1. Out of residues 5 or more away from GLY170 or on other chains, whose amide H comes under 5 Å of its own, with H placed 1.01 Å from N in the peptide plane?
2. Give me the angle, in degrees from 0 to 90, between the Cα long axis of helix 409-422 and the longest principal axis of the Cα atoms of the chain, rounded to the nearest 10.
3. Using the beta-carbon distance between GLU304 and SER142 and R0 = 45 Å, what value does 1/(1 + (r/R0)^6) give for FRET efficiency, to the nearest 0.05?
4. Can you list the lysines whose alpha carbon sits under 16 Å from that of LYS437, skipping same-chain ones fewer than 8 residues off?
5. Calculate one ³J(HN,Hα) per residue across the stretch 214-222 by plugging θ = phi - 60° into the Karplus curve 6.51 cos²θ - 1.76 cosθ + 1.60, and present them in order as whole Hz with x for glycine and proline.
6. With an 8 Å Cα cut-off and a minimum separation of 6 or more residues, compute the relative contact order for the chain in percent.
7. Using modelled amide H (1.01 Å from N, peptide plane; none on Pro or chain starts), what sits under 5 Å from the amide H of SER110, excluding residues fewer than 5 places away?
8. Which whole-percent values make up P(r) of the stretch 291-378 when all C-alpha to C-alpha distances are grouped in 5 Å steps starting at zero?
Amino acid sequence: MTLERGARRERLRALLGAEAVLSEPQECAPFLLDHLGRCRGSALAVVQPRSVAQVAQVLEFCDAERIGVVPHGGNTSYCGGAIPDESGHEIVLSLRRLNSIRNVDPENYSLVAEAGCVLAQVQAAAETAGRFFPLSIGSQGSCQIGGNLSTNAGGVNVLRYGMTRDLVLGLEVVLPGGRVLDGLSTLRKDNTGYDIKSLFLGAEGTLGVITAASFRLFPEVRTRATALAAIADVRSAVTLLGELRAASGDRVSSFELIPRIGIELTARHIPGVSDPLPGDYAWYVLCELSSSRVAEPLDALLEEALAAALSRGLVLDAALVRSERERAALWKLRETIPEAQRHEGASLKHDISLPVAALPDFVARAAAWVAEQVPEGRLVAYGHVGDGNLHFNISQLPSADREHFLARAAQVRRAIHDMVREFGGSFSAEHGVGRTKVAELERYASPVELDLMRAVKRAFDPHGIMNPGKVLRAS
Ligand code: 2HG
Ligand code: ZN
């Protein structure tokens, strides 16, 4: 016999304290709409526990009552993974009050942070201890580390340091039913059976609630060299990346592709952004070399490599950054492309990855398809080309009708993702599956993979209370 809605809220209030359980529409509203304004939901309540023990109590209660639990971090997700469905039966579990850095150990190059820590807070804690936490994404001032773990976030330093998964040493997770997996190890080597923690990374809260993680840290970055290079096409970007990696002894930490339209949109919509180079070029790459050595001559190295590429026509023009201010301006240009796209109107987003070598042919074919089939939109393809990850987005033309443009999303997505598949790529490189790409996972994952994923889901969450309908269809 399960409880009525009001009684369920009362029980949650008894467990957490009245102020930790929100149910008034205006209080709940910020937790019920994603930041792109595309996924909206409804909830029985939004709960804000203060401790791991309270998270465990919530999951024990919700498991017994078969109440869906939607973990929620900084609400910067792209796939609606942190928004409940429209039934009003699920609860949102905000991790924002679990926000302390539990430990920083510079000697062990490790740090333990709670899920509700904002990413910038984790970076700052490492920096204060003279260490470097490399995860870096545009939303780092508001996204939370629990969400980064749950979506296995990527960002602009993956080329050198890997995805979030590669930075994790251990996890603390509350399981449905309320048991706590206490796995905050800081060991580098630990071959003791199945790597259970790995399953929670990228699971988007469908297996349990990550409450804390231990991370590996790196030596502080002491020298950087940054440049914007204009190039003719995506093939030149791939060639230049190979050359820079070889010439720099693999010091390339970021290598971001920017299309001409990315510069035009940011210059138009973002105050303080201007075009760094005089000419009009089809593509650009923002490349950054970095090192933990103080006196590494990275500027000279980058300048020399770019000059050589310029003399061969691989690079068409380049601007080397001369100050921290210029560096910040260049990164601002890159990181505000999504915001500039929002100002321009609706955008059809495709977070794809391919083998780096396949990118030029893919972009040539997919761009031609977009030009022919989506005349009401313009391709804005940019991103982490060094990782083979492009945000193959299509912005509506200002003259196009927004609703009409958005109505084409499913058809365009299908065509692009099918092409990605043909080239050996993935439909979700770094933003996850959430609720908006469940059908894509069903289409592109193999039957064996899907069977195994469903078996894992059943084993961890037999009553299906964890983030129902995200990643896998609710059964
Ligand atoms: C980025 O790399 C983000 O800027 C956002 O992953 C991409 O808005 C997007 O499509
Ligand atoms: Zn990205």
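1. Answer set, sorted by chain and number: SER214.
2. 70
3. 0.70
4. List returned: LYS349, LYS470.
5. 9, 10, 7, 10, 9, x, 4, 7, 10
6. Details: 986 pairs, mean separation 71.6, N = 475.
Relative contact order of the chain: 15 percent.
7. Residues meeting the amide H criterion: ASP105, LEU217.
8. 2, 9, 11, 14, 18, 18, 14, 8, 4, 1, 0
Readers should treat all values here as calculations from the given coordinates under stated rules, not as data from a laboratory. Only a predicted model underlies this, so the values are computations on that prediction, with no experimental measurement involved. Here Cβ is always computed from backbone atoms with ideal geometry, including for glycine, and neighbour counts include all displayed protein chains.
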